[in-house]
Amino acid sequence: MNQTVRNVVIILALAAAVAVVPGGSNASDAILQTLVVVMLGALAYLAVRLYRERKSDLYGLGDRNRAILYGSAGMGTIALVGTDRMWDTGAGSIAWLALIALACFGVYHVYRRAREY
């Protein structure tokens, strides 16, 4: 049997199990949430590792630029967390775009200042 055909059959079997088995939807939701938690944990681990490896570079930015960088990261995180609620209204959509744009500009500003001589 071709490997592609085998993979398609496996996916179809899993989809049938989710659709037919009672509670299959709940089980798939639990698996999805477990994968999300694992992914967020991996991202947090990556952030900690990057911080530890680049701590001297971050302290070399100075207090003002470091505050801009951390504020931009926090603003972007808050905007991403509130995406569903903010996109429900027109003003929220504009505010979300403004928050993301400001966060990106803050990171760009710090990057440019770090590259100056």
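To the nearest 10 degrees, how steep is helix 3-20 against the longest Cα principal axis of the chain, on a 0 to 90 scale?
For helix 3-20, the angle is close to 80 degrees.
Return one quarter of the surface area of the convex hull spanned by the alpha-carbon atoms of the stretch 54-117, equal to its mean projected area, in nm².
Values: hull surface 18.1 nm².
Average projection, Cα convex hull of the stretch 54-117: 4.5 nm².
Ranking LEU40, LEU99 by Cβ neighbours within 10 Å, fewest first, what do you get?
Working: LEU40 10, LEU99 18.
With the fewest neighbours first, LEU40, LEU99 line up as LEU40, LEU99.
Could you pull out the trypsin sites (Lys or Arg not before Pro) across the stretch 28-117 that fall in loop regions by DSSP (anything but H, G, I, E, B) with no more than 13 other Cβ atoms inside 10 Å?
Working: sites: ARG49, ARG52, ARG54, LYS55, ARG64, ARG66, ARG85, ARG112, ARG113, ARG115; in loops: ARG54.
When the trypsin sites (Lys or Arg not before Pro) of the stretch 28-117 are filtered for loop state and at most 13 Cβ neighbours within 10 Å, ARG54 remain.
For ILE10 and ASP63 in the same chain, what is the full-extension length gain: residue separation times 0.36 nm, less their Cα-Cα distance, in nm?
Answer, rounded to one decimal: 13.6 nm.
Using only Cα atoms and rounding to the nearest 10 degrees, what angle (0 to 90) does helix 24-53 make with the longest principal axis of the chain?
Helix 24-53 sits roughly 30 degrees off the main axis of the chain.
How large is Rg over Rh for the stretch 1-53, taking Rg from the Cα atoms and Rh as the Kirkwood inverse mean of 1/r across Cα pairs? Mind showing how you got there, number by number?
Numbers: Rg = 17.1 Å, Rh = 13.7 Å.
Using only Cα positions, Rg/Rh for the stretch 1-53 is 1.25.
Can you tell me the equivalent ellipsoid semi-axes for the chain? Use √(5λ) from the Cα gyration tensor, largest first, whole Å. Each step should come with its number before you reach the end.
Details: eigenvalues 338, 91, 37 Å².
So the equivalent ellipsoid measures 41, 21, 14 Å along its semi-axes.
We did not get these values from a lab; they are worked out from the coordinates using the rules stated. These numbers come from a predicted model, not from an experiment. For neighbour counting, all protein chains shown are included, and Cβ atoms are generated from backbone atoms with ideal geometry for every residue, glycine included.
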